[in-house]
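Take a look at the structure below.
The values are calculated or read from the model by the stated rules, or taken from the named source; none is laboratory data. For clarity, every value in this text was computed on a predicted model and none was experimentally measured. Here the Cβ positions follow ideal geometry from the backbone for every residue, glycine too, while neighbour counts run over all protein chains shown.
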Amino acid sequence: MTLTGTGGIDRAAHHRLDEAWLAAAWSHPTTRVFVVSGGQALIEDKGNGTELVTMPSFDAPFTESHRYFLGIDEDGVRYFALQKDALPGRMDDVARAAGLREAGVLLSERDAELMTHAIGLENWQRTHRFCSRCGERTNIAAAGHIRRCSACGAEHYPRTDPAVIMLVTDEQDRALLGRQVHWPEGRFSTLAGFVEPGESLEAAVVREVAEEAGVTVGGVDYVGSQPWPFPSSLMLGFTARATSDEIQVDGEEIDEARWFSREELRAAIEKGEVLPPSGISIAARLIERWYGAPLPKPAPAL
């Protein structure tokens, strides 16, 4: 069975240790390559949308030790990412550098999946160059998906930090939204937090809501997930039913929290009093799932 993500990419993990296959894939005339650097890649606006800027492998600024195999699309095209210290220049000045927060809402599902995969690997590679067991430098293996220590033989794998993100509703079907202490005035979103060692996802939802907003919850239901490489999170989305509605924010992570009916949220967004989360985030999808439609557009700034 071919396993794909939402963008139709088969990661083809069984090829990552096959150096002969990787060399042949790299040399194939249909293979496409793009560069990642500092969490960014080049994107380009086309007449029918925005695309990730890719190039044939023979045009790529090749660095074998920082070449990551990302997978194969439904047409058989192989994709690689190259990690570089800087993005390549473009003579036409059409392409621009962008991170996932901008590009994620513009790119096709295929390109967004490729970019997310590549940036996740780049984040991990840049911060895990040394062995956590013996301290020696490690080497890249498995087409970018393993780092091996030649001194002690340890293998290290990309880190993914699970985090829960939840849309909490009360008996009146109002949604609980909060504003983090470092967010601008009016920015509200769902509550979220990291899963602790030895903790179930459901227990993390209950704990985080209680810690951040002082609200107790009962039923917890899984909705879906989203890779969030900022730098290495996997956001696991839930809905939860509150058993209390009195709010007491912690003041450390959450500065303000409020219950919103659908009418209250719509009016607050349209007046510019509330800034909802960006469309790229699972938070927006959780809120829209409860709201029953795409969120209204905020009022334009004067």
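Taking the numbered list (1) out of contact with any strand residue (DSSP E or B) (no Cβ under 7 Å at 6 or more places or on another chain); (2) exposed (fewer than 15 other Cβ atoms within 10 Å of the Cβ); (3) of a type outside the set (Lys, Arg) in turn, residue 231 passes all entries but (2). If you go through segment 216-261 and keep only what is aliphatic (A, V, I, L, M) and closer than 30 Å to residue 126 by Cα, you end up with 234, 235, 236. Taken together, the criteria exclude residue 243 from residues that are over 22 Å from residue 112 (Cα atoms), of a type in the set (S, T, N, Q), surrounded by 15 or more Cβ atoms within 10 Å (Cβ to Cβ) and touching a residue at least 12 places away in the same chain (Cβ under 8 Å).
The single residue among 177, 167 that is touching a Pro at 6+ places or on another chain (Cβ under 9 Å), aliphatic (A, V, I, L, M), not assigned by TED's automatic domain parsing to the domain that holds residue 85 and not in a helix (DSSP H, G or I) turns out to be 177.
So in segment 103-143, with the set limited to residues that are of a type in the set (S, T, N, Q) and assigned to a loop (DSSP other than H, G, I, E, B), which one is surrounded by the most Cβ atoms within 10 Å (Cβ to Cβ)? Residue satisfying both the conditions and the ranking: 108.
The set of residues in segment 146-161 that are surrounded by 15 or more Cβ atoms within 10 Å (Cβ to Cβ) and either assigned by TED's automatic domain parsing to the domain that holds residue 67 or in contact with a helix residue (DSSP H, G or I) (Cβ under 7 Å, 6 or more places away or on another chain) (or both) contains only 158.
Here residue 20 fulfils each of the conditions (1) within 26 Å of the chain's Cα centre (by Cα); (2) in a helix (DSSP H, G or I); (3) over 20 Å from residue 125 (Cβ atoms) apart from (1).
Here residue 24 passes the criteria (1) surrounded by fewer than 17 Cβ atoms within 10 Å (Cβ to Cβ); (2) of a type in the set (A, V, I, L, M, F, W, C); (3) at pLDDT 95 or above; (4) closer than 24 Å to residue 97 by Cβ except the one numbered (4). Only residues that are crowded, with 21+ Cβ neighbours inside 10 Å and either hydroxyl-bearing (Ser, Thr, Tyr) or more than 24 Å from the chain's Cα centre (by Cα) (or both) were counted across segment 61-83, and they come to 2. Can you name every residue in segment 255-285 that is β-branched (Val, Ile, Thr) and either part of a helix (DSSP H, G or I) or surrounded by fewer than 20 Cβ atoms within 10 Å (Cβ to Cβ) (or both)? 269, 280, 282, listed by residue number.
Out of the residues in segment 127-182 meeting the condition of being small (Gly, Ala, Ser) and free of Cβ contacts under 8 Å to residues at least 12 places away in the same chain, tell me which one is nearest to residue 15 (Cα to Cα). Walk me through how you get there before you give the answer.
In the first step, residues of segment 127-182 are kept if they are small (Gly, Ala, Ser); the result is 132, 135, 141-144, 150-151, 153-154, 163, 175, 178.
If we keep only those that are free of Cβ contacts under 8 Å to residues at least 12 places away in the same chain too, we end up with 135, 153.
Numbers: 135: 29, 153: 22 Å.
Here the answer is 153.
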